[in-house]
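K.L.:
There's a structure below that I have some questions on.
Each value in this text was obtained by applying a stated rule to the coordinates, not by laboratory testing. Predicted model, so just to flag it, every value in this text is computed and none were measured. Using ideal geometry, Cβ is built from the backbone for each residue, glycine included, and neighbour counts are taken over all protein chains shown.
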Amino acid sequence: MADIPQAHARVLVVEDTPTQAELARVMLTSLGHEVRVIETAAMALEVARSWQPDAILVDIELPDYNGFELMKQLHAEGVESAVVVVTANGSINTAVEAMRLGAVDFIVKPFPKARLAVTLANALEKRALVAQLRTVRARLDRDRFFGFIGASPPMQAAYRTIESVAASKASVFITGESGTGKELAAEAVHKASPRAGRAFIALNCGAIPRDLLESEVFGHVKGAFTGATSDREGAAKAADGGTLFLDEIGEMPLEMQVKLLRFVQTGTFSPVGSSRVEKVDVRFVCATNRDPMQDVQAGRFREDLYYRLYVVPVMLPPLRDRGGDILLIARHFLQLFSREENRRFTGFAPEAERALMAYPWPGNVRQLQNVVRNVVVLHDGDLVDAAMLPPPVVMPGTHPPPAVAAPSPPPTDAFTPPAPFLPAEPPPADPPPVGPAPWAEPEIVPLAEMERRLILAALKHTTHDVPRAAALLQINPSTIYRKLQSWKANGLVPAD
Amino acid sequence: MPTPPLTAGFAAQLAQDLGPDDVRMILSVFRADLTRLDGELHEAAAAQDATAFRRAAHGLAGAAGAVGAAELEAACRAAMARTGADMMGPDLAAIHGLAEASLDDLATYVARLDGGPHG
């Protein structure tokens with residue numbers, strides 16, 4: 001008989017009759033398996049725990065207790081080996097009982113080698129399929145992925161793309177509205193990649209003054225420009241071996257795009273003020289909240305650079321298209337902020353959940369984060385009820401058009417006001433740089449007024465992103481919420 | 001037609017599956033099992049120890065079944081239910097006879113393996 005090809009497996013034989021045990025050992029060894037023979041159920045349990053066999057051949061009658069009892073214990077301990085019952089009794093009852101207790105198959109003594117080979121191969125295949133199914137289900141059902149929270153189909157698609165592309169060096173281009181988690185996605189690409197142990201360098205092209213961008217990316221040498229008092233390494237060098245994340249890539253000036261194109265093509269660059277060429281190994285991840293092809297067509301983005309960077313697109317859906325993720329995320333933030341702020345909240349009342357689900361969240365996750373932070377800072381209790389939610393979440397008349405009525409608008413240049421706490425002010429078309437600006441003598445005003453102006457300016461600069469504004473001001477976000485509440489009460493900022 | 005003590009077909013299958021060396025080794029283990037367990041069976045019967053008797057009969061049945069000695073296996077399984085004075089009944093003599101016949105059959109079979117083509 002030609003042997004059936006078998007993958008090498010660990011097989012534990014639980015059999016107290018030497019003739020039968022030796023027969024099984026010889027057959028299994030000749031099939032290429034690693035075999036251990038144990039005489040008692042108690043010993044078998046120990047070996048199953050420590051050796052983790054792929055399959056276990058169990059005799060029903062054992063000296064200490066029977067094979068069915070052994071199977072119950074293996075199941076209770078989570079041993080995942082494929083169990084095949086070996087019996088002299090081929091009755092239906094024995095077979096049914098064996099299957100009921102989790103056996104993959106049973107085999108009647110005496111058995112020829114071919115029958116043992118087929119039975120074992122089927123059992124191992126079934127075990128492998130069950131393991132694969134579990135893995136696939138876990139992937140499909142997962143509600144967390146690196147820093148993301150969400151189990152909705154569009155997020156599952158994003159997770160799969162990120163996972164698939166992570167292992168390669170291909171450039172990744174992330175698109176999505178403001179607040180959808182583009183930087184999280186970039187970090188996920190890095191963390192899931194073989195570069196995870198190296199640097200992840202993030203650069204916001206929209207937040208760096210044009211004149212400084214080249215130096216930020218490529219570094220500079222001492223004396224390259226006024227203020228360059230020493231050599232400075234840029235993001236490209238810092239990301240060597242790792243990942244360089246260029247956020248708001250659409251904001252990059254055209255002249256800088258030329259230099260970036262050369263860097264992407266060759267992996268080489270020269271620091272500002274130097275003719276020295278440096279070579280690095282960098283994986284590029286870019287992001288924009290605009291339609292990059294529209295930028296190309298409008299002449300704002302180089303087509304050749306677009307095709308170099310837009311290799312694997314990852315599209316992050318707006319929160320309004322993510323269904324139940326809204327509540328998953330809201331509960332996560334509620335738990336987090338309640339702990340931080342020492343509040344008792346354990347969840348949302350049904351009416352509050354309906355309001356959260358009905359609101360279209362133009363500012364996406366960032367806005368939801370702000371809303372939950374606002375609630376936690378200003379209230380306390382067991383459940384968040386609808387009355388605690390700030391407008392316009394609880395004012396349906398003020399909602400922007402819901403996503404079901406109008407599909408997600410394509411990303412545009414226009415800023416989407418995310419936060420409901422301040423009067424809507426259009427953001428500056430060209431946001432001021434974050435970097436240090438020349439210091440002008442300030443107007444002398446009461447300190448409280450200066451504080452109010454500074455906080456409002458930080459909010460305007462961050463497009464009403466309270467945590468980011470708080471980070472810039474190096475204060476706690478709850479301070480900003482409390483100040484805003486107080487200013488609204490005193491008419492110092494318009495009420496909602 | 002009476003069933004041979006060692007099922008020739010199954011033994012031939014074993015030789016084909018395992019090769020003569022492994023069959024010789026298996027049959028030597030079987031011989032040791034038969035000798036030991038037949039002795040244990042008689043001792044248990046003489047001592048009226050039903051538990052030991054059942055265990056020995058079960059072991060003999062398993063060993064016989066493994067090599068296709070169907071008649072011996074059946075006799076041992078029938079004996080497993082005996083208790084008290086029944087343990088010393090005709091089953092014991094029949095089992096002993098079948099075990100002896102199996103060992104004779106085995107010796108012939110091994111001699112044939114040693115002497116030329118098996119099967």
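K.L.:
Once you have all Cα-Cα distances for the range A:10-137, histogram them in 5 Å bins from zero and send the whole-percent values.
P.N.:
2, 11, 23, 26, 22, 11, 3, 1, 0
K.L.:
What FRET efficiency, computed as 1/(1 + (r/R0)^6) with R0 = 22 Å and r the Cβ-Cβ distance, is obtained for A:Ser91 and B:Gln16, rounded to the nearest 0.05?
P.N.:
0.15
K.L.:
For the range A:320-398, what is the convex hull volume of its Cα atoms per residue in Å³?
P.N.:
75 Å³
K.L.:
Using +1 at the Cβ of each Lys and Arg and -1 at the Cβ of each Asp and Glu in the range A:145-317, identify which of A:Ser164, A:Leu309, A:Thr180 lies farthest towards the dipole's positive end.
P.N.:
Toward the positive end, the furthest listed residue is A:Ser164.
K.L.:
The range A:202-295: percent of C-alpha pairs farther apart than 22 Å?
P.N.:
Taking all Cα-Cα pairs of the range A:202-295, the fraction more than 22 Å apart is 24 percent.
K.L.:
Something else about it: Kirkwood Rh and Cα-based Rg: tell me the resulting Rg over Rh for the range A:288-343, rounded to two decimals.
P.N.:
For the range A:288-343, the value is 1.27.
K.L.:
Sticking with this structure for a sec: What is the helix-to-structure angle for A:18-30, meaning the angle in degrees between its Cα long axis and the longest Cα principal axis of chain A, kept from 0 to 90 and rounded to the nearest 10?
P.N.:
Its long axis makes an angle of about 50 degrees.
K.L.:
While we're here: Quick check on packing: order A:319-330, B:13-24, A:120-131 by the mean number of other C-beta atoms within 10 Å, highest mean leading.
P.N.:
Top to bottom by mean Cβ count within 10 Å: A:319-330, B:13-24, A:120-131.
K.L.:
Which log10 I(q)/I(0) values does the range A:145-317 give at q = 0.13, 0.14, 0.15 Å⁻¹ under the Debye formula, counting every alpha carbon as one identical point scatterer?
P.N.:
Here log10 of I(q) over I(0) equals -0.62, -0.72, -0.82.
K.L.:
Per 10 Å bin, what is the whole-percent P(r) computed from every C-alpha pair distance within the range A:91-194?
P.N.:
12, 29, 19, 14, 16, 9, 1
K.L.:
Using only the alpha-carbon atoms of the range B:20-114 as identical scatterers, what base-10 log of I(q)/I(0) does the Debye formula give at q = 0.13, 0.17 Å⁻¹?
P.N.:
Reported log10 I(q)/I(0), two decimals: -0.41, -0.65.
K.L.:
Spelling out what I want: for every residue of the range A:163-177, take phi, set θ = phi - 60°, compute 6.51 cos²θ - 1.76 cosθ + 1.60 (Karplus), and round to whole Hz; glycine and proline get x.
P.N.:
Listing the rounded values in order: 4, 5, 8, 4, 5, 8, 9, 4, 5, 10, 10, 9, 10, x, 5 Hz.
K.L.:
What does the structure give for B:54-67 when I average, per residue, the other chain Cβ atoms found within 10 Å of the residue Cβ?
P.N.:
Rounded to a whole number, the mean comes out at 5.
K.L.:
Just checking the output field for A:112-118: average partner chain Cβ neighbours within 10 Å of each residue's Cβ?
P.N.:
2
K.L.:
Here's something else I'd like to know. Give the peptides B:54-65, A:372-383 in descending order of average Cβ contacts within 10 Å, highest first.
P.N.:
B:54-65, A:372-383
K.L.:
I would also like to ask the following. Once label points are set 7 Å from the Cα along Cα→Cβ at both A:Ala448 and A:Leu492, what is their separation, rounded to one decimal in nm?
P.N.:
For the pair A:Ala448/A:Leu492, the computed spacing is 0.6 nm.
K.L.:
Quantify how strongly other chains surround peptide A:318-325 by giving the mean number of their Cβ atoms within 10 Å of each of its Cβ atoms.
P.N.:
Average neighbour count from other chains, rounded to a whole number: 0.
K.L.:
Please work out the ratio of the alpha-carbon Rg of chain A to 2.2 N^0.38 Å and round it to two decimals.
P.N.:
Chain A yields a ratio of 1.35.
K.L.:
Report, by chain and number, residues whose modeled amide H sits under 5 Å from the one on A:Cys286, excluding near sequence neighbours (fewer than 5 apart, same chain).
P.N.:
Amide H neighbours of A:Cys286, under 5 Å, 5+ apart: A:Val172, A:Phe173, A:Ile174, A:Leu246.
K.L.:
Check cross-link reach from A:Lys182 to the aspartates and glutamates: straight Cα distance under 13 Å, and skip same-chain residues fewer than eight apart.
P.N.:
A:Asp247, A:Glu248
K.L.:
Taking 0.36 nm per intervening residue step and subtracting the Cα-Cα distance, what contour gain separates A:Glu80 from A:Gln265 on full extension?
P.N.:
Full extension of this stretch gives 61.7 nm more.
K.L.:
Now a separate question. Which pairs, out of A:Lys191/A:Lys222; A:Lys237/A:Lys460; A:Lys169/A:Lys279, put more than 28 Å between their alpha-carbon atoms?
P.N.:
A:Lys191/A:Lys222; A:Lys237/A:Lys460
K.L.:
Also, I was wondering about something else. Most exposed first by the Cβ proxy, i.e. fewest other Cβ within 10 Å, how do A:Ser178, A:Ser338 rank?
P.N.:
Lowest to highest Cβ neighbour count: A:Ser338, A:Ser178.
K.L.:
Find the Rg to Rh ratio for the range A:445-488, where Rh is the Kirkwood radius over alpha-carbon pairs and Rg uses the same atoms.
P.N.:
0.94
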